[in-house]
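Each value in this text was obtained by applying a stated rule to the coordinates, not by laboratory testing. Keep in mind that this is a model prediction, so the values were computed, not measured. Positions of Cβ are generated from backbone atoms using ideal geometry, with glycine treated the same way; all protein chains shown enter the neighbour counts.
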Amino acid sequence: MGGRLEGKVAMVTGAGQGIGRGIALSLAQEGAHVVVNDIVWDTAQATAEEVKRLGRQSLAVQADVSQSTQVSELVDRASEEFDAVHILINNAGIAVPAFITELSEETWDRTLRINLKSMFLCSKAVAPLMMEQGYGKIVNLSSKSGKKGGLWLTAYCASKFGVIGFTQSLALDLAPYGINVNAICPGTVYTPLWDNVLKDAYARKLNIDPEEVRDYYSSKIPLGREVTMQEIGNVVVFLCSDESSYMTGQAINITGGQEMT
Ligand SMILES: NC(=O)c1ccc[n+]([C@@H]2O[C@H](COP(=O)([O-])OP(=O)(O)OC[C@H]3O[C@@H](n4cnc5c(N)ncnc54)[C@H](O)[C@@H]3O)[C@@H](O)[C@H]2O)c1
């Protein structure tokens, strides 16, 4: 059951559902043991069970990764259980679309705290372990909205542009220690985030029916179809493997060409 990440220990934030869950399973398929974090306990545990069914070890840890004390506990639990963390996937995030005059200060702060500050806290807590090992891979979830502004997305885009600046600077800090830091920029991915939040908000901003939103966005993808979770996992596995050993500070689009339209 060998894989490109055999024996490595990965920590994935926000891995109870959606992209984080998909990445956790892709890493496990390649041999990694996975610390599954989410703010929601039930979903974290469910993903951890799926990782175990793939034959890997897994630990579910409920934590709000935007809170420093909870991040310290998360990393302590991981290092007690596995003695090492080789891979960190900073995935947890939210999107709350709103026209600028309707965007509350609380939503702005929460978006920046969960999407950006969490990456600082988790990376800062894991970096000493990786530096000691002289080895580490960090992958941060930016977005197509990390490179191009979007209607009703001031807070979200500010956070995701910030992720790219954070990624480049962290890559420079950690390069001397053999640690690669990269970001991925997915386009539209139909996760629970879409079903629960974005579908209705985008219907309002586009003035179309919620049921038409998915087709509207899919029709803008040059490759002509939606991305699969496996395709996102493939890029993340590559960035976590030694095949990408000479890449650091990059922000890789996974959009089916959508960012050019
Ligand atoms: N879905 C897309 O189209 C898309 C595109 C580009 C980038 N992204 C990014 O990918 C990441 C995952 O998005 P998704 O679509 O899977 O979203 P999702 O809402 O389906 O899943 C996000 C998960 O993060 C968890 N979470 C939220 N706040 C948390 C916190 N403070 N601490 C710990 N866990 C927390 C949630 O409980 C949830 O399980 C986000 O950073 C998002 O911005 C998504």
If you average the C-alpha positions of region 95-124 and of region 196-261 separately, how far apart do those two centres end up, in angstrom?
20 Å
For a bin width of 5 Å, list the pair-distance distribution of region 1-134 built from all Cα-Cα distances, rounded to whole %.
2, 12, 21, 22, 18, 12, 6, 4, 2, 1, 0
How much length would be gained if the chain were fully extended between Asp200 and Arg225, taking 0.36 nm per residue of separation minus their Cα-Cα distance, in nm to one decimal?
6.9 nm
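How do Tyr156, Tyr216, Tyr202 rank when sorted from fewest to most other Cβ atoms within 10 Å of their own Cβ?
Tyr216, Tyr202, Tyr156
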Can you put Thr43, Thr107 in order, fewest other beta carbons within 10 Å first?
Thr107, Thr43
Net +/- balance of residues flanking Val236 in space, Cβ distance below 11 Å, scoring K and R +1, D and E -1
-1
For region 59-164, compute the number of Lys pairs whose alpha carbons are separated by less than 19 Å, excluding pairs fewer than 8 positions apart on the same chain.
8
The chain, Rg to Rh (Cα coordinates; Rh as Kirkwood inverse mean 1/r):
0.96
In the chain, which helices (entire DSSP H runs) extend 27 Å or more along their own long axis, judged by Cα positions, while averaging at least -0.5 on the Kyte-Doolittle scale?
154-174
Over all directions, what mean area does the Cα convex hull of region 143-228 project, stated in square nanometres?
6.8 nm²
Which whole-number percent gives the relative contact order of the chain, counting Cα pairs below 8 Å spaced six or more residues apart?
19 percent
How large are Rg and Dmax for region 106-261 when only the alpha carbon atoms are used, in Å?
16.7, 53
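What value does region 44-116 have for Rg/Rh, both radii from Cα atoms and Rh as Kirkwood defines it?
Computed over Cα atoms, the ratio is 1.09.
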I'd like the Kirkwood hydrodynamic radius of region 198-261, using the inverse of the mean 1/r over distinct C-alpha pairs, in Å.
13.9 Å
Can you show me the helix-derived [θ] at 222 nm for the chain, built from DSSP H runs with n ≥ 4 at -39,500 (n - 2.57) apiece and divided by the number of residues, rounded to the nearest 500.
-14000 deg cm²/dmol
